[in-house]
1. Would you mind finding the one in ALA83, ALA119, ALA101 that is touching a strand residue (DSSP E or B) at 6+ places or on another chain (Cβ under 7 Å) and among the small types (Gly, Ala, Ser)?
2. Return the residues of region 189-208 that are without any contact (Cβ under 8 Å) to a residue 60 or more places away in the chain, in contact with a strand residue (DSSP E or B) (Cβ under 8 Å, 6 or more places away or on another chain) and not in a loop (DSSP other than H, G, I, E, B); say none if nothing qualifies.
3. One residue is enough: does region 80-91 have a residue meeting the conditions in a helix (DSSP H, G or I) and over 19 Å from LYS115 (Cβ atoms)?
4. Cβ-Cβ distance below 6 Å, separation of 6 or more or different chains: which pairs start in region 220-237 with a residue that is modelled with pLDDT of 95 or more and end on one that is of a type in the set (Lys, Arg) and not in a loop (DSSP other than H, G, I, E, B)?
5. Do we have ILE259 as hydrophobic (A, V, I, L, M, F, W, C) and closer than 30 Å to SER149 by Cα here?
6. Among LYS103, LYS54, which is modelled with pLDDT of 90 or more, closer than 26 Å to ARG297 by Cβ and of a type in the set (Lys, Arg)?
7. Tell me whether region 167-187 contains one or more residues that are modelled with pLDDT of 85 or more, open to solvent by less than 70 Å² (accessible area, probe 1.4 Å) and not hydroxyl-bearing (Ser, Thr, Tyr).
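The values are calculated or read from the model by the stated rules, or taken from the named source; none is laboratory data. Please read all numbers here as calculations on a predicted model, not as lab measurements. We place every Cβ from the backbone using ideal geometry, glycine too, and count neighbours over all the protein chains shown. Remember, those area values only see protein heavy atoms, side chains included, never the ligands or the DNA or RNA. Shrake-Rupley method; radii C 1.70, N 1.55, O 1.52, S 1.80 Å.
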Amino acid sequence: MEIEFKDNHVAKAVYGEHQANLKIIEDELDITINARGNHLNISGEQHHSQMAKKILNGLSSLILHGYPLYPGDVQHAVTILKADNSVNLKDIFLDTIFITANKRQITPKNVSQKKYIDAIRKFDMVFGIGPAGTGKTYLAMAMAVSLFSKGLYDRIVLVRPAVEAGERLGYLPGDLAEKVNPYLRPLYDALNDIMKFEKSSIMLDKGLIEVAPLAFMRGRTLNDSFIILDEAQNTTREQMKMFLTRLGSSSKAVITGDITQIDLPENKGSGLVEAQKILSRIKNIKFINFNKKDVVRHKLVQDIIDAYEKRRTGCLID
């Protein structure tokens, strides 16, 4: 099976440095790709060869549309089409959510992320549930910054439960703000990855962005706000109800969490688990579920999650 690229720059970008992209496709599909100039020859099992051709043509189309092919995108493209060969890569990778200060495009990297982004655009309350590394919080943050920058919301509110906010916080030095700050650090990290530090600092000082522990939400009504509740699996049932009823007019809430990593005491039920059970039938609330195949971090993260899942279900024996 042969492919010919008419543009030298496109061919070079598709191949990757030292043909690294071709190597990924070869390893994932158990095929052989021989490159000579702009010509590729694909050999191997027919179905896999056809899939490789679709992946390569899809990547070239992305590049022709101005998409900067990032390290990892090839792996994501292979994973997408192995799961569903009917997917058009352009529908996912060209859906730009936000362009960061260093000109990096933030886009979905798989079908689940695309569904998640579309749900956030359409619904005023969205739950993103799944393992670490699936982009739940980061994409919600990117959507918040994007919609805020377009003037659709007056502020961004980022919330996290401090699950050890009982006795142990009392032993930490500093005032209450300093005690809870370590729990909020991941939100600051994501924010500063999307925006210039100087700009986010100014917005924080002006109150346009607020980062707060969940306990600080009691008694408030949040109007004209894009609100993100992160690590929601560590909310109690009472805390979750309290948070969900803070939603004011012209606001949007995204709730993210991983129900396999609940850190609450055994006698405390997770508010996220309960919410999933009792709110799933409400018409204007959308639940998006991610799984280990949606992990977009290092490939080892998928293997680690898989190993722990096997241990939890008894498939892994000591």
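1. ALA119
2. Scanning region 189-208 gives LEU191, SER200, MET203, LEU204.
3. No, the conditions are met nowhere in region 80-91.
4. Pairs found: SER225/ARG155; PHE226/LYS252.
5. Here the answer is no, as ILE259 does not meet what is asked.
6. Only one candidate qualifies: LYS54.
7. Taking every residue of region 167-187 in turn, none turns out to be modelled with pLDDT of 85 or more, open to solvent by less than 70 Å² (accessible area, probe 1.4 Å) and not hydroxyl-bearing (Ser, Thr, Tyr).
Residues checked against (1) small (Gly, Ala, Ser); (2) part of a loop (DSSP other than H, G, I, E, B):
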| position | (1), (2) |
| --- | --- |
| LYS109 | no, yes |
| TYR116 | no, no |
| ALA119 | yes, no |
| VAL126 | no, no |
| THR137 | no, no |
| ALA140 | yes, no |
| ALA144 | yes, no |
